[in-house]
Amino acid sequence: MTSPGPIAVSIAGFDIRWYGILIASGALLALYISYRRAPIYGLSPEDVLDIVLGILPMGILGARIYYVIFNWGYYSQSPSEIINIRSGGLAIHGGLILGMITAYVICRYKKISFIDVADLILPSVALAQAIGRWGNFFNNEAYGTETTLPWAIIIDGKSVHPTFLYESIWCLIMFIILSYVFKRRKFPGEITCLYGLMYAPERFIVEGFRTDSLMIGFLRQAQVISIVIFVVSLTLYTYFKRRNALNNK
């Protein structure tokens, strides 16, 4: 399998890239699903709309800032490229961090439950990730080491692991599982913690295949962050579960 290239269509000399189309499509679908599901948790769809519309630009900003920080050696020499996201360069961990901070601030302002909002939105975030990852395929980025597996993709004449595909499939599975649990939630925070517990191990494993990992010293930063996310998610899951049990006694 070989990428057909990053350009979906050119209009009047302006190139529209698959990367942007896929990220926008994933984000809009996540917004639609969250909007429709909001009443299940007693949330106002309009409040959820405000929150998600706040998260989207801040999430993209966080993803870009995160990527630039860990590639500062390049961007310090090419500062004009810092704002050029059309060719890729968004780190999901940065998007999640700033997106969640933004959601928390808006929830505090609106005086609604941040945990309920996080439980509502994160299943759809997984779906958006599954869709957005295909932008890496069209950009010929985020691929892995060489392999002889039949589902390899061709990059520069070499057969390599389609790591974007591995993550896309897993995020789709996450969306299905979290959506199943969504209507059967046993306590607030369960979905949020399960998202972290499911995503962190996958990202840790898949990152080991990649050849373009952002680094923290000699370590792959995504693996370090994945460990932190897993530990925090497990700790919070235990805490929320016990708190719910005590409240129901």
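The values are calculated or read from the model by the stated rules, or taken from the named source; none is laboratory data. Owing to the predicted nature of the structure, the values given are computational and were not obtained by experimental measurement. Ideal geometry is used to build each Cβ from the backbone, glycine not excepted, and the neighbour counts take in all protein chains shown. We work out accessible area using only protein heavy atoms, side chains counted, and drop any ligands, DNA or RNA first. Shrake-Rupley method; radii C 1.70, N 1.55, O 1.52, S 1.80 Å.
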Residues of segment 18-41 with backbone N under 17 Å of the label point set 7 Å from the Cα of ILE7 along Cα→Cβ are 18-21
With Cα springs under 10 Å, the Gaussian network model of the chain assigns the largest mean-square fluctuation among VAL232, VAL160, VAL206 to VAL232
For the chain, whose charge dipole is built from +1 on Lys and Arg Cβ atoms and -1 on Asp and Glu Cβ atoms, the candidate among SER76, VAL228, PHE137 with its Cα farthest towards the positive end is VAL228
Matching label for the computed Kirkwood radius over Cα pairs in Å, out of [x] 19.1; [y] 18.5; [z] 20.4, is [x]
For the table LYS110/LYS183; LYS186/LYS241; LYS110/LYS241, the rows whose alpha-carbon distance is greater than 20 Å are LYS110/LYS183; LYS110/LYS241
Of all trypsin sites (Lys or Arg not before Pro) in segment 80-172, the ones in DSSP coil with at most 14 other Cβ atoms within 10 Å are ARG86, LYS111
Rounded to the nearest 10, the angle in degrees between the Cα long axis of helix 92-110 and the longest principal axis of the Cα atoms of the chain comes to 30
In whole percent, the fraction of accessible protein surface over segment 48-153 that belongs to carbon or sulfur atoms, probe radius 1.4 Å, stands at 68
If every Lys and Arg gets +1 and every Asp and Glu gets -1 at its Cβ, then about the Cα centre segment 131-249 yields a dipole, in debye to the nearest 20, of 1000
Residue-ordered couplings for segment 170-179, obtained by feeding phi - 60° into the Karplus form 6.51 cos²θ - 1.76 cosθ + 1.60 and rounding to whole Hz (Gly and Pro as x), are 5, 5, 5, 4, 4, 4, 5, 5, 5, 5
Rounded to a whole %, the carbon-and-sulfur portion of the accessible area of segment 183-238 at a 1.4 Å probe is 72
Inter-part gap, Cα centre of segment 7-24 to Cα centre of segment 134-170, in whole angstrom, is 21
Under the Karplus relation with 6.51, -1.76 and 1.60 and θ = phi - 60°, whole-Hz ³J(HN,Hα) for segment 65-78, x at Gly and Pro, equal 4, 4, 5, 5, 4, 7, 10, 4, x, 7, 6, 5, 8, 9
Regression test value, accessible area per residue of the chain, probe 1.4 Å, units Å², expected 52
Given unit charges at Cβ for Lys, Arg (+) and Asp, Glu (-), the dipole magnitude of the chain about its Cα centre in debye, nearest 20, is 1040
